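The values are calculated or read from the model by the stated rules, or taken from the named source; none is laboratory data. Please read all numbers here as calculations on a predicted model, not as lab measurements. Using ideal geometry, Cβ is built from the backbone for each residue, glycine included, and neighbour counts are taken over all protein chains shown. Only protein heavy atoms, including side chains, enter the accessible area calculation; ligands, DNA and RNA are left aside. Shrake-Rupley method; radii C 1.70, N 1.55, O 1.52, S 1.80 Å.
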Amino acid sequence: MGKDVVKVGLLGLGTVGSGVMKILQMNGEQVRGRAGINIEVKKILVRNKQKARDVKVDPSLLTTKAAEILQDPEIDVVIELIGGLDAREYVEEALRRKKYVITANKDLMATAGASLLRLARDNGCNIYYEASVGGGIPLIRPLKHSLGANRILRLAGIINGTTNYILTRMDLEGLEFTEALTEAQARGFAEQDPTNDLEGKDAAYKLCILASLAFNSHIDFDTVHMEGISNLNRRDLLYARELGFTIKLLAIGEEMPEGLALRVHPALVPLTHPLAGVLFENNALYVEGNAVGEVMFYGPGAGSMPTGSSVVADLIDVVRGINHQVENGVMEIDFLDKKVVPLEELNSAFYLRLQAQDQPGVFAGLANAFSEEMVSLDMIIQKRSREGKAEIVLVTHVEKEKNFNAALARIQKFPGIGAINSVYRVIPK
Ligand code: NAP
Ligand code: HSE
């Protein structure tokens, strides 16, 4: 005889935890119907029981003692929404006690996912993490199941809501970087330490998770090239627009004959490209499979209710499994160890903004440095000089990264060249 209720312990009642509770209150009947059995949130772990919350919950549910959840034999499912790598000990204890775990924690899944999945398998349970990538957009399930017949060739898209929100507000509304960041934080998109968002680390964690599923390989986080937008200057957004581009933080994973290429960096994206129209906290991901062709996923990549929606969907799956007593086997453990190709071997077009002396020979010197390294130029603009100094913006054709870097090293030594202000990769028109 099965159970008549599945009891859940929630770790965290912040942005996402509140969304989960609101969805369970708002759509309780539907969730119960889909899960096939009652779901009861028995305890909620928080740091501060007195804090004002964005959702109404019975105060007696709140606890500051993780053991009240992890050591409660009645609790079958633990939802971890604390975040950060310190949550690992709670997740491990829950799995060792044979509880199913649902998490939105990309830091943890990217760096310890394989070990946690093994622990889950060894204890006859499982760990679900749909909300860890893309907020409310279904990405994990499609990669694991719906696209399972494909060999995935490429993933590319925008998978950090905070930086996309900042870039959108700066580009379209002229906000300063810090102003846009403050708003992203107020809306609950940013991580506790927003450096993870701004430096590309959050997107790199997510790329690790997606790429491991897409390419059936363990991905060592340190092999993902990562650049963020902390140093972005609004001048570059203005020049990009003048050239017919916007700037987006992209995550790209490819399986090439030489191995995997994994990178997160800002890039100029043509205004006509579908990713240029992905605004505010929305995310979008292209997945190219050798059978399906190109599929695009789009939607809210962060926020309380969208992310809560993914967590509750995982909860329905887990509870259905418990209710029907079906084997909910862990499938993503037997990954291969594929080689990762160094960034300098990849090809890209580049945007470069620099200061130069407005004097004869400077342009020729620049052109010479590029031609010596076999880098061909696509566009070049010189802004009217002030006090004998000119600002030069140029875009190259697609070339090997190492050739562009060698040209840049030559340019830096050239006497007429002042500061190199910015270098960005470019998605060609
Ligand atoms: P948050 O708003 O900072 O909430 C964290 C919650 O955990 C708070 O309720 C906090 O308690 C509690 N908490 C933190 N450390 C604790 C500890 N040591 N002991 C007990 N309670 C603790 O975070 P969030 O934005 O909801 O993010 C949660 C997770 O979801 C993270 O892994 C994040 O990366 C992921 N995620 C977030 C979003 C998003 O849009 N925010 C989207 C996708 C995934 P108090 O309330 O008492 O401080
Ligand atoms: N900080 C993350 C973002 C939350 O901005 O995308 C969603 O994972």
Report task. Please give the solvent-accessible surface of Arg320 in Å², to the nearest 10, using a probe radius of 1.4 Å with every protein chain present. Result -> 110
Query raised in the report: When the accessible area of the chain is computed with all protein chains present and a 1.4 Å probe, what percentage of it is carbon and sulfur?
Result: 48
Report task. Just tell me, in residue order, which DSSP H segments of the chain are both 18 angstrom or longer along the helix axis (alpha-carbon based) and at least 0.5 in mean Kyte-Doolittle hydropathy. Result -> 201-215
Requested in this report: Quick one: order Val398, Val41 from most to least accessible surface, probe 1.4 Å.
Outcome: Val398, Val41
Query raised in the report: Per residue Cα convex hull volume for the range 224-294, in cubic angstrom?
Result: 119
Requested in this report: Starting from the exponent 0.38 and prefactor 2.2 Å, build the expected Rg for the range 1-100 from its residue count and divide its actual Cα Rg by it.
Outcome: 1.05
Report summary line: Here the FRET efficiency for Gln412 versus Arg241, based on Cβ atoms and R0 = 41 Å and rounded to 0.05, is 0.90
Query raised in the report: Rounded to the nearest 10 Å², what accessible area does Met170 show when all protein chains are kept and the probe is 1.4 Å?
Result: 10
Query raised in the report: Based on the Kirkwood radius over alpha-carbon pairs, what value in µm²/s does the Stokes-Einstein equation return for the translational diffusion coefficient of the range 105-173 at 4 °C and 1.567 mPa s?
Result: 89
Report summary line: Cα gyration tensor of the range 274-429 diagonalised, 5x eigenvalues square-rooted, in angstrom largest first, produces semi-axes 49, 20, 13
**Report entry** Fraction of beta bridges assigned by DSSP in the chain that are antiparallel (%, nearest 5)
**Finding:** 65
Report summary line: Under 27 Å between C-alpha atoms, the lysine pairs in the range 345-426 lying 8 or more places apart or on different chains count 4
Report summary line: Taking the reciprocal of mean 1/r across every pair of different Cα atoms in the chain, the Kirkwood radius in Å is 23.2
Report task. Considering only protein heavy atoms, with the full assembly of protein chains and a 1.4 angstrom probe, order Ser371, Ser132 by accessible area, largest first. Result -> Ser371, Ser132
Report task. List, in order, the whole-Hz ³J(HN,Hα) value for each residue of the range 282-292 obtained from phi through the Karplus relation with A = 6.51, B = -1.76, C = 1.60 and θ = phi - 60°; use x for Gly and Pro. Result -> 5, 10, 8, 9, 8, 10, 10, x, 7, 10, 7
Query raised in the report: For the range 211-278 and the range 156-175, what is the separation of their Cα centres, given in Å?
Result: 13
Report task. From largest accessible area down, sort Arg386, Arg96; use a 1.4 Å probe on the protein chains. Result -> Arg386, Arg96
**Report entry** Accessible area of the range 140-300 divided out per residue, in Å², using a probe of 1.4 angstrom
**Finding:** 38
